[in-house]
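I'd like to ask you about the structure that follows.
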Amino acid sequence: MPYADLHVHTTRSDGTLEFEDVPDAARRAGVSVVALTDHDRLQPLSDPVVERDGVTIVHGIELRVEPPEGDRVDLLGYGVTPTAALERTVEDVQRNRKERGRTIVDCVEDRLGIDLEVDVEPGFGRPHVARAIADHPESGYDYQDAFDQLIGFGEPCYVPQEVPSFERGRRVLSEACTVVSLAHPLRYRDPARALELTSDLDAVERHYAYDRDVDCEPIERAIDRNGLLVTGGSDAHDDRLGLAGLSEAAYRRLEL
């Protein structure tokens, strides 16, 4: 069981775990440290790292960015001390998230002839829409069907998200965070191109709960080439923490 799970989402973005329930979920999983990395959202924490009911909580964030070439990637910031620049960036992204969310919801409701009964609030994303669709059995779609046939890339109700450039995202995170890491590099269509970006970052997410067997050798080469720190986490969107993460020694090396 990992000592630290550094990739966890709550209801502040597209997770189902309540912020207040994080310590209980961590203890059940045998995890001592949890980084809250909600999409494009800052946490209601007074310091970059705090203690809650015997569990260490790291203020983190996951920010999607647009590189000059290739697919969009996700950056993980750890040990956040919010700056004005980061707050502005988050506000810009959240404004677009809400506009995008309303457009997707309207499209789905018109197409299926149902009322999804969802509130489009900060942190809203497509998983909220998919869950709402699945909650209506009369729609004929389950959660995965919603993505595969309605709201996934290229599907009739898909709406692209506006995201900051890689350079802007990297800069604002570097100014506000102790460590900036490339998230789940082997999930991208071109992992090699994504890993090239780590030359401008502090770390890479070496340990991750992929849903398939993966070859981590490209990550190891990037770590050696760029002198990277290692991060890791489960990318939990529910209360099942600790599916991937770091040992205590690896966590201590981050010096959060």
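The values are calculated or read from the model by the stated rules, or taken from the named source; none is laboratory data. In this text, all values refer to a predicted model and were calculated from it rather than measured experimentally. Cβ sites come from the backbone with ideal geometry, for glycine too, and all protein chains shown count toward neighbours.
Do you know which of the residues in segment 61-77 that are in a strand (DSSP E or B) and not charged (D, E, K, R) is surrounded by the fewest Cβ atoms within 10 Å (Cβ to Cβ)?
Checked segment 61-77; the qualifying residue surrounded by the fewest Cβ atoms within 10 Å (Cβ to Cβ) is VAL65.
Got a sec? Which of GLU220, GLU167 is within 22 Å of GLY79 (Cα to Cα) and either out of contact with any Ser or Thr (no Cβ under 9 Å at 6 or more places or on another chain) or not assigned by TED's automatic domain parsing to the domain that holds ARG100 (or both)?
None of the other options fit; the residue is GLU167.
Return the total of residues in segment 136-189 being of a type in the set (Lys, Arg) and in a loop (DSSP other than H, G, I, E, B).
Selection size over segment 136-189: 1.
Does ARG212 count as surrounded by 17 or more Cβ atoms within 10 Å (Cβ to Cβ) and closer than 21 Å to GLY233 by Cα?
Judged against the criteria, ARG212 is not a match.
Oh, and also: If you check every pair at least six apart or on different chains, which have Cβ atoms under 9 Å apart with a residue in segment 113-131 that is within 16 Å of PRO160 (Cα to Cα) first and a residue that is basic (Lys, Arg) and assigned to a loop (DSSP other than H, G, I, E, B) second?
Listed by first residue and then by second, the contacts come to GLY123/ARG12; GLY123/ARG41.
Still on this model: Please determine whether any residue of segment 81-88 is at pLDDT 95 or above, buried (at least 20 other Cβ atoms within 10 Å of the Cβ) and aliphatic (A, V, I, L, M).
yes
May I ask you to say which residue of GLU217, GLU155 is within 23 Å of ARG97 (Cβ to Cβ), surrounded by fewer than 16 Cβ atoms within 10 Å (Cβ to Cβ) and at pLDDT 95 or above?
Within the list GLU217, GLU155, the selection yields GLU155.
I'd like the full set of residues that are under 29 Å from ARG168 (Cα atoms) and crowded, with 19+ Cβ neighbours inside 10 Å, limited to segment 15-31.
GLY15
Looking at (1) surrounded by fewer than 22 Cβ atoms within 10 Å (Cβ to Cβ); (2) over 20 Å from PRO122 (Cα atoms); (3) touching a helix residue (DSSP H, G or I) at 6+ places or on another chain (Cβ under 7 Å), which one does VAL34 not meet, given that it meets all the others?
Going through (1) surrounded by fewer than 22 Cβ atoms within 10 Å (Cβ to Cβ); (2) over 20 Å from PRO122 (Cα atoms); (3) touching a helix residue (DSSP H, G or I) at 6+ places or on another chain (Cβ under 7 Å) one by one, VAL34 breaks only (1).
Here is a follow-up. Considering only segment 90-98, I want to know if a residue exists there that is crowded, with 19+ Cβ neighbours inside 10 Å and touching a helix residue (DSSP H, G or I) at 6+ places or on another chain (Cβ under 8 Å).
no
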